[in-house]
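Coordinate-derived values only; no laboratory data. From a predicted model like this one, the values you see are computed outputs, not experimental measurements. Neighbour counts are summed over all protein chains in view; Cβ atoms, including those assigned to glycine, are modelled from backbone coordinates with ideal geometry.
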DNA sequence: CGCGACGTTGATTTGCCTCAACGATTGTGG
DNA sequence: CCACAATCGTTGAGGCAAATCAACGTCGCG
């Protein structure tokens, strides 16, 4: 299956596998097509899988008491997504994980991941490394969230992750950046920052 | 050295070591006393160590162009702290990591960590697990930062991490929560939320 | 003892939200 | 294939949460 090529390539950036190891690894993966607006995770159900996006775009968001959406994760090709808190603790999810367009994902189930780690300990290293990158990424994002204005956050993502910023709908980007859709719209159309030019 | 007992106990929660492995592990550690206000990391210098706090309190903060401080991490006994982006990429730091009181830390140097991972691969697992917990923690914090009001964020930390909230000075807590010291002070003394009671 | 760091309080300002109304685009059933 | 609804983005007016500014009290430390 050609979908598996992308994750093989991805893994090989961090560890190299023997034929047997690779075979076993591929045997625990499931390829799945997710249609736009479909959820792979919902609140109250335990998140069973890590999802690696082969092609497409997804988001993970929290729906608060005022039915406001807050996007925790945006992910496109070659990124991972899930309700990570639910996944690693194997507890009921609090997030939705939804496809923003028709998407192909590769899933690893939690119990299979544990088996994989046992049988092929190299994957301890693999997951350590990618989780470290994820951690560092989140820390940069948190700093941005705490210290920057809405306008600066928007400009930063345009520069650092243009592919994501261009690909996802605006309402998803706004809630990822922690601002209202209206305000993001105004930023994009210079209805706000013009003030600074006076 | 009795300081090493705490980290031995901490590590044993996740992996069990043979005598030799433990001996090697301990040999790459350095115990250090950091006096209040002293920095273990500064911008422009590459962060060489992970720091495990045996006893004390520290914070990592970013100093922006307006000389405002933004606290990324608060850490007390049994927590880790460093400029993680600088550490894992071995690039110049952007943060200060400073002791909020006299503190005893155990340091692992980057190159020694790499050796340790090679010689005792169990530590791949150890760092994978603690990094996953860290990642999940950051994700919850980010959600809080994006979706909650200043008052809610303050109340949440009081409930979930009372030991940290009580131990660090108020200006550090305020900048960790992403609000001004004045506003936190008003929240604590009900100068703001009283409005809601009318 | 005196200075600097920390916290408090009130007055004022502002960045961003909320609400409301309106185009534009998409997709869907008749 | 069109009509109509739903979804998404835009724009403006008004309001509020939290920042900023300024002044002052207090404690701990050199």
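Per-residue Cβ neighbour counts within 10 Å put A:106, A:72 in the sequence A:106, A:72, beginning with the fewest. Rounded to the nearest 500, the 222 nm mean residue ellipticity of chain B from helices alone is -14000 deg cm²/dmol, with -39,500 (n - 2.57) taken per DSSP H run of at least 4 residues. Between region B:120-198 and region B:30-52, the C-alpha centres lie 23 angstrom from each other.
Annotation for residue A:159, label-to-label distances across the other copies: 3.9 nm (shortest first, one decimal, point 7 Å from Cα along Cα→Cβ). Ordering B:101, A:5 from the fewest to the most neighbouring beta carbons within 10 Å gives A:5, B:101. Between helix A:150-160 and chain A there is an angle of about 40 degrees, using the helix long axis and the longest principal axis of the Cα atoms. The modelled label-to-label distance for the pair residue B:33/residue A:44, using points 7 Å beyond Cα in the direction of Cβ, is 5.7 nm. A Förster distance of 45 Å, applied to the separation of the beta-carbon atoms of residue A:1 and residue B:115, puts the FRET efficiency at 0.70. Distances between equivalent label points of residue A:36 across the copies, with each point positioned 7 Å along Cα→Cβ, amount to 6.0 nm, shortest listed first. Residue exposure proxy: A:80, B:79, ordered by other Cβ atoms within 10 angstrom of their Cβ from fewest to most, comes out as B:79, A:80. If I take R0 = 56 Å and measure r between the Cβ atoms of residue B:22 and residue A:185 in this structure, what FRET efficiency does the formula 1/(1 + (r/R0)^6) give, to the nearest 0.05? Efficiency at R0 = 56 Å is approximately 0.45.
For the segment A:63-74, counting C-beta atoms of other chains within 10 Å of every residue's C-beta and taking the mean gives 2. Per residue, the convex hull around the alpha carbon atoms of region B:71-118 comes to 93 Å³.
Can you bin region A:30-100 into rounded, prolate or oblate? Criterion: square roots of the alpha carbon gyration tensor eigenvalues sorted a ≥ b ≥ c, rounded for a/c under 1.5, prolate for a/b above b/c, oblate for the rest. It is oblate, given that a/c is not under 1.5 and a/b is not larger than b/c.
What does the C-alpha gyration tensor say about the overall shape of region B:95-191? Classify as rounded when a/c is under 1.5, otherwise prolate if a/b is larger than b/c, or oblate. Prolate is the answer for region B:95-191, as a/c is 1.5 or above and a/b outweighs b/c.
Within chain B, the percentage of alpha carbon pairs spaced more than 27 angstrom apart rounds to 35%. Inter-copy label distances for residue B:181: 4.1 nm (label point placed 7 Å from Cα along Cα→Cβ; shortest first).
Measuring spread by the Cα atoms of the protein assembly as shown yields a radius of gyration and Dmax of 22.1, 70 Å.
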